[in-house]
Amino acid sequence: MPDDADLSDERIALDVRMGLAAAAAALAAGPRPRGACLWCGARLALPQRWCDAECRDEWQRDRQRSQPSEPTHGAAHAGAHRR
Ligand SMILES: [Zn+2]
């Protein structure tokens, strides 16, 4: 059924867009670089805040866990899948 496929594609695209927007907002609102990885504390060149994407993801996950945001569809969905 092409209509259903189109709908779910649209839905996924929207979820991705919302996720990206949330990530961008988190980065924009995030702390300034301070010469060390914000997650593991390794020394870094100044513009960097994390040594790699893994540290950044862990840091973001921890941050989201410690300050529960309003329950959005995307967040609830991702949480259910992660279990
Ligand atoms: Zn690190």
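Read the figures in this text as sums done on the coordinates, not as results from a lab. Given the structure is predicted, the values throughout are model-derived calculations rather than measurements. Virtual Cβ from ideal backbone geometry, glycine too; neighbours counted across all protein chains shown.
Below are the figures for this structure:
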read-out: In nm, spacing of pseudo-spin labels at residue 34 and residue 65 (7 Å Cα→C-beta vector); value: 2.1
read-out: In order through region 7-14: 3J(HN,Hα) via Karplus (6.51 cos²θ - 1.76 cosθ + 1.60), integer Hz, x for Gly, Pro; value: 4, 5, 4, 4, 5, 5, 4, 5
read-out: 5 angstrom amide H check on residue 36, placed H, neighbours 5+ away; value: 44
